[in-house]
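Asks: Take a look at the following structure, please.
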Amino acid sequence: MRKVLFTVALLLTACFVSAQVSVVKEAKSLKSKPEEAAKAIEPALTNPETANDPETWKLAGDFQKAIYDEENMKLYLPGGQADTTKLYNSLAKMYDFYLKCDEIEQAKVQSGELKKPKFRKKNADALKTLRLNLVNGGGDAYNKGDYADALKYFGLFVDVVNEPMFADDDELKADTLNALYACYATLAANMLKDNQAVIKYGNIGKNHKEEGYRALMCLAETYGQKEGGDSAKWLEVIKEGTELFPKQEYFVGNIMDYYIQKGMVDEGLAQINKLLATSETPYYLYVKGILLYEKKQYDDAVAIFNKIISNNGDLVAEAYSKIGDCYFFPAQIIIRCQSWIVAIGSVFRIIYEISIHGLSQSSLSLIGRNSTVS
C-alpha cells in the first residue's frame with residue numbers, strides 16, 4: 001500500500017512539473033504575441049520547479065523587451081501614439097527579469113551546476129543599451145506627478161551600475177550621469193517622504209558638480225525633521241553644502257542661522273568674509289550686516305546695509321529696514337536709561353524731602369506719582 005501511495009505521489013509531482021514546463025513551452029510558442037506570452041509565463045515565475053531556471057527569467061525578460069520595442073517603435077512612426085505607461089513599465093520589468101536571470105545563473109555557476117553563464121553577456125548588452133531610456137521614464141513619471149514611478153526608473157538607472165554583471169565595467173561606473181540622475185531620484189524620494197531613499201540616492205547625487213546641491217538640500221530637509229531627524233547629520237550636510245556650493249543661499253542662510261542661535265557670531269563672520277572675498281553679492285553683504293547687528297556693532301552694520309543700497313541691486317528694502325533696527329534698538333536702550341535716571345532722581349528727591357520735612361503729605365504724593373515710572 002505504501003509503495004502504491006509513493007508511486008502516486010511521484011506521478012503527481014511529475015505531472016505538476018510537466019505542467020509547469022508546458023507553461024514555458026506555451027509561452028515560447030506565443031513569442032510573436034509578446035503580451036500574451038508575458039501573461040502565459042507568469043505562473044512559471046513563482047513555481048519553484050521553473051522559477052529556479054535562468055531560462056524562465058530570460059524568456060520573461062525577452063517578452064517584456066518585445067513589448068517595449070513595439071511601443072517604442074510607435075514613437076518614430078508618423079502619427080504614431082505610444083502607450084508610455086506600458087512602454088516604461090515593460091522596460092522596468094525587463095530589467096527586473098534579466099537581473100533575476102543573472103542572479104540564478106551565477107548561483108548555478110558557483111555551485112558547479114553550470115560551467116559558465118549562457119545569458120549574461122546578451123542580457124548585459126540589452127540593459128546597457130536601453131539604460132538611458134529609464135531616464136525618459138523617470139522624467140515622464142515625474143512630470144505627471146507620479147513620484148513613485150519616477151523613483152523606480154531613476155533608481156534603476158543608478159542601481160544597475162552596482163549589479164554583478166557590470167562588476168568589471170569601469171566605463172559604466174565612471175558615468176557622470178549616475179550622480180546626476182541620483183539627484184532626481186532623491187527629489188522624487190523627497191516628494192514621497194521616503195527618507196531611506198533620500199539618504200541612499202542623496203549621498204550619490206551630492207557628488208554631481210552642477211546639480212548636487214539639490215540632493216544636499218533634500219538630505220538637509222530629511223535630517224532636519226523634528227521627528228526622526230539627526231541634528232549632527234544636518235549640520236554636516238549644511239557645512240558640506242556651504243563648501244561645495246557656496247553660491248547657493250540655502251546653505252549659507254542655514255549655517256548663519258545656526259551660528260547666531262549658538263552664539264557663534266564670530267565664526268559666522270569669518271566664513272561670510274571668505275565668501276565675500278570670492279563673490280560680493282547683495283545676499284552675502286546682507287548676511288554680514290545681520291551678523292554685525294547681532295554683535296551690536298551697529299555703525300559697522302549700517303555701513304554694510306548702505307553699501308547694499310548704493311549698489312541698487314537686490315535686498316535694498318531689507319537693508320533700509322535693518323538700518324531702522326540699527327537705530328531703533330539702541331535708541332530704546334537710551335530711552336530706558338533716561339527713564340531710569342529720572343526715576344532714580346525722583347527717589348533721591350523723596351529721600352531728601354523726608355530727611356528735611358519728615359514723611360509729609362507732599363512726600364506721599366511724590367511717592368504716588370513716581371511709583372509708576374518704568
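The values are calculated or read from the model by the stated rules, or taken from the named source; none is laboratory data. Predicted model only: the values in this text are computed from it and were never measured. Please note: Cβ atoms are built from the backbone with ideal geometry, for glycine as well, and neighbour counts cover all protein chains shown.
Asks: Can you tell me which residue among GLU113, GLU103 is modelled with pLDDT of 95 or more, more than 30 Å from ASN190 (Cα to Cα) and among the acidic types (Asp, Glu)?
Replies: Only one candidate qualifies: GLU103.
Asks: If I filter the stretch 177-188 for residues that are over 21 Å from ASN72 (Cα atoms) and not in a helix (DSSP H, G or I), do I get at least one hit?
Replies: no
Asks: If you take the residues of the stretch 167-206 that are modelled with pLDDT under 95 and farther than 23 Å from ASP140 by Cα, which of them is surrounded by the most Cβ atoms within 10 Å (Cβ to Cβ)?
Replies: The residue in question is LEU172.
Asks: On to the next question. Which condition number does PRO117 fail, the rest of (1) within 37 Å of the chain's Cα centre (by Cα); (2) not in a helix (DSSP H, G or I) being met?
Replies: Only one criterion in (1) within 37 Å of the chain's Cα centre (by Cα); (2) not in a helix (DSSP H, G or I) is unmet by PRO117, namely (1).
Asks: If we keep just the residues of the stretch 311-327 that are under 36 Å from the mean Cα position of the chain (by Cα) and among the aliphatic types (A, V, I, L, M), which is nearest to ASP300 (Cα to Cα)?
Replies: Filtering the stretch 311-327 for residues that are under 36 Å from the mean Cα position of the chain (by Cα) and among the aliphatic types (A, V, I, L, M), the one nearest to ASP300 (Cα to Cα) comes out as ALA319.
Asks: Let me ask something additional. TYR352 versus (1) hydroxyl-bearing (Ser, Thr, Tyr); (2) within 20 Å of GLU243 (Cβ to Cβ); (3) modelled with pLDDT under 85: which is the lone unmet condition?
Replies: Looking at each condition in turn, TYR352 falls short on (2).
Asks: Mind checking which pairs have a first residue in the stretch 262-276 that is without any contact (Cβ under 8 Å) to a residue 40 or more places away in the chain and a second that is aliphatic (A, V, I, L, M) and in a helix (DSSP H, G or I), Cβ under 6 Å, 6 or more apart or different chains?
Replies: That search, which allows pairs on different chains as well, returns VAL265/LEU291; GLY268/MET256; GLY268/LEU291; LEU269/LEU291; ILE272/VAL287.
Asks: Just one of (1) in contact with a Phe, Trp or Tyr (Cβ under 8 Å, 6 or more places away or on another chain); (2) over 30 Å from ILE199 (Cβ atoms); (3) surrounded by 19 or more Cβ atoms within 10 Å (Cβ to Cβ) trips up GLU71, so point out which.
Replies: Result: GLU71 passes all but (1).
Asks: Being farther than 28 Å from LEU216 by Cβ, of a type outside the set (Lys, Arg) and surrounded by fewer than 17 Cβ atoms within 10 Å (Cβ to Cβ), is that true of even one residue in the stretch 142-162?
Replies: The answer is no, given that none of the residues of the stretch 142-162 is farther than 28 Å from LEU216 by Cβ, of a type outside the set (Lys, Arg) and surrounded by fewer than 17 Cβ atoms within 10 Å (Cβ to Cβ).
Asks: In the stretch 71-112, which residues are of a type in the set (Val, Ile, Thr) and over 17 Å from GLU55 (Cβ atoms)?
Replies: Result: THR84, THR85.
Asks: Okay, next question. Please state which one of ALA148, ALA126, ALA107 is closer than 30 Å to TYR213 by Cβ and in a helix (DSSP H, G or I). First the steps, then the outcome.
Replies: Details: ALA126 fails: closer than 30 Å to TYR213 by Cβ; ALA107 fails: closer than 30 Å to TYR213 by Cβ.
None of the others qualify; the one that does is ALA148.
Asks: Quick check, is ALA141 part of a helix (DSSP H, G or I), more than 22 Å from ASN254 (Cβ to Cβ) and in contact with a helix residue (DSSP H, G or I) (Cβ under 8 Å, 6 or more places away or on another chain)?
Replies: yes
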